1. Which numbered condition trips up Val173, out of (1) closer than 26 Å to Asp105 by Cβ; (2) under 18 Å from the mean Cα position of the chain (by Cα); (3) open to solvent by less than 30 Å² (accessible area, probe 1.4 Å)?
2. How many residues are within 16 Å of the ligand (Cβ to nearest atom) and open to solvent by less than 10 Å² (accessible area, probe 1.4 Å) if we restrict to the range 211-249?
3. Would you check which residues across the range 330-375 are in contact (Cβ under 8 Å) with a residue 24 or more places away in the chain and on the phi > 0 side of the Ramachandran plot and list them?
4. For His208, which of the numbered conditions (1) within 23 Å of Arg329 (Cα to Cα); (2) open to solvent by less than 50 Å² (accessible area, probe 1.4 Å) fails to hold?
5. Out of everything in the range 284-311 that is open to solvent by 20 Å² or more (accessible area, probe 1.4 Å) and assigned to a loop (DSSP other than H, G, I, E, B), what residue ends up being nearest to Gly328 (Cα to Cα)?
6. Among the listed residues Gly18, Gly22, identify the single one that is more than 16 Å from the ligand (Cβ to nearest atom), closer than 23 Å to Ala375 by Cα, in contact with a Ser or Thr (Cβ under 9 Å, 6 or more places away or on another chain) and assigned to a strand (DSSP E or B).
7. Among Val118, Val137, Val163, which is away from the ligand (no atom under 11 Å from the Cβ), in a loop (DSSP other than H, G, I, E, B) and either over 15 Å from the mean Cα position of the chain (by Cα) or not charged (D, E, K, R) (or both)?
8. Would you be able to say whether some residue in the range 33-50 is in contact with a His (Cβ under 8 Å, 6 or more places away or on another chain), under 23 Å from Phe196 (Cβ atoms), surrounded by 15 or more Cβ atoms within 10 Å (Cβ to Cβ) and not assigned by TED's automatic domain parsing to the domain that holds Val239?
Amino acid sequence: MNAPSSLACPFDDVDAWGSAPGRIEFIGNHTDYNGGWVLGAAIDRRVEVGVRFREDDQLVLRSADAEAAVRLPLHAIEAQSGARAWANYVLGVIVELRAAGVALDRGMELRVESTLPVGAGLSSSAALELATAVAVVEAVGGDLDRKQLAQLCRRAENEFVGVPCGILDQAVVAFGADDRLVRVDARTDEITSVPFPPRTGLWIFRTHEAHALADAHYQERHDEARAARDRLDDLLGGVDHLVDVSPDQLSEVQAELPEVLYRRARHVSTEHRRVQRAVRLLRDEAYESVGDLLFASHDSSRTDYENSTDELDFVVDRLRDTDGVLGGRLTGAGFGGAAMAWTGEGFGADEADAVAAAYADAFDAELDVIACRPAVGAFAQS
Ligand code: GLA
């Protein structure tokens with residue numbers, strides 16, 4: 001897990017450091033906690049965590065915001081709130097590392113630096129979790145492989161932070177690689193990768209929509225998906241995961257399902273199959289068809305999963321009408337956050353800025369444009 005030569009330690013005087021990227025969800029929206037496939041990419045914006053041992057038994061966590069520093073005894077970890085709530089991602093990982101048998105008995109100071117925007121739908125939380133996990137394991141030792149660390153970080157988020165997320169973010173952040181897309185099968189946690197098509201680009205368009213209720217909406221979708229699965233299992237039998245039900249089977253029992261649950265299930269079922277098709281089409285270099293699947297994914301999120309917003313729809317509609325764009329869609333949980341574009345020749349900074357200018361006219365608000373590349377996943381060094 002050594003650092004690539006292009007990435008230098010940003011801290012002076014630490015015993016170990018870890019680094020983990022943000023991620024985009026290329027395609028596979030809300031499929032992960034439904035047992036489906038997803039394709040993502042780690043990106044070249046990162047969170048870094050430096051570990052320095054202390055002589056006492058205190059755990060001290062520092063981020064760029066000095067006011068939000070946290071200090072507590074290593075053996076009395078408690079959830080934080082308000083400006084210190086950021087620390088829960090770190091604390092949850094410490095709790096899970098200890099539960100996994102990692103020896104954590106020396107006081108430590110953890111310092112966090114980041115070039116990854118927070119709250120933008122780029123998974124700064126999973127990046128912080130993985131950067132913490134690899135840095136701490138590097139510092140104190142421990143026998144956990146990359147997949148175990150990804151699963152452990154997901155547990156931290158599910159249990160300590162309290163968000164019922166799937167494995168997408170942590171798996172992609174852990175397994176990202178230069179110029180590769182990461183494919184996750186969330187039923188088996190099998191992780192493979194496919195080459196990112198050469199001479200194509202990734203762009204993120206970050207809205208600044210306040211999404212204070214995003215976690216509550218995420219929980220609601222998670223619960224609706226569970227309710228749909230349970231109902232379909234009663235009706236059809238053998239439905240362990242919502243993705244097990246094909247679109248045809250779903251149509252047959254449509255009248256037996258509440259309308260909202262039918263649409264949630266249709267999104268999950270069709271989206272899983274779009275990811276499978278996208279993987280095949282990428283191998284066949286049928287890039288235009290892959291791009292069409294990205295747009296179809298957005299439409300399905302918009303109408304069936306209802307996790308888009310007017311702002312995200314505007315960006316994606318604009319991308320549809322822009323030369324050089326292969327595909328575009330909302331990326332991540334939705335309910336605000338970011339949209340992404342996958343682009344070919346003819347799309348560059350001028351075209352991206354034109355999307356932002358149109359957005360500014362329509363909403364009187366800023367749209368941040370971030371160009372990125374599929375990048376290396378989490379690593380640590382001492
Ligand atoms: C968030 C969650 C992921 C996944 C996506 C939606 O990013 O953390 O597990 O469910 O939303 O696909």
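1. Val173 satisfies all of (1) closer than 26 Å to Asp105 by Cβ; (2) under 18 Å from the mean Cα position of the chain (by Cα); (3) open to solvent by less than 30 Å² (accessible area, probe 1.4 Å) except (1).
2. Residues flagged as within 16 Å of the ligand (Cβ to nearest atom) and open to solvent by less than 10 Å² (accessible area, probe 1.4 Å) within the range 211-249 amount to 4.
3. Gly332, Gly334, Phe335, Gly336, Gly337, listed by residue number.
4. In the conditions (1) within 23 Å of Arg329 (Cα to Cα); (2) open to solvent by less than 50 Å² (accessible area, probe 1.4 Å), His208 misses (2) alone.
5. Ser308
6. Gly18
7. None of the other options fit; the residue is Val118.
8. yes
The values are calculated or read from the model by the stated rules, or taken from the named source; none is laboratory data. Because the structure is predicted, anything quoted here is derived from the model rather than measured. When we count neighbours, we look across all protein chains shown, and the Cβ atoms used for this are built from the backbone with ideal geometry, even at glycine. To get the accessible areas, we keep the full protein, side chains included, count just its heavy atoms, and leave off ligands, DNA and RNA. Shrake-Rupley method; radii C 1.70, N 1.55, O 1.52, S 1.80 Å.
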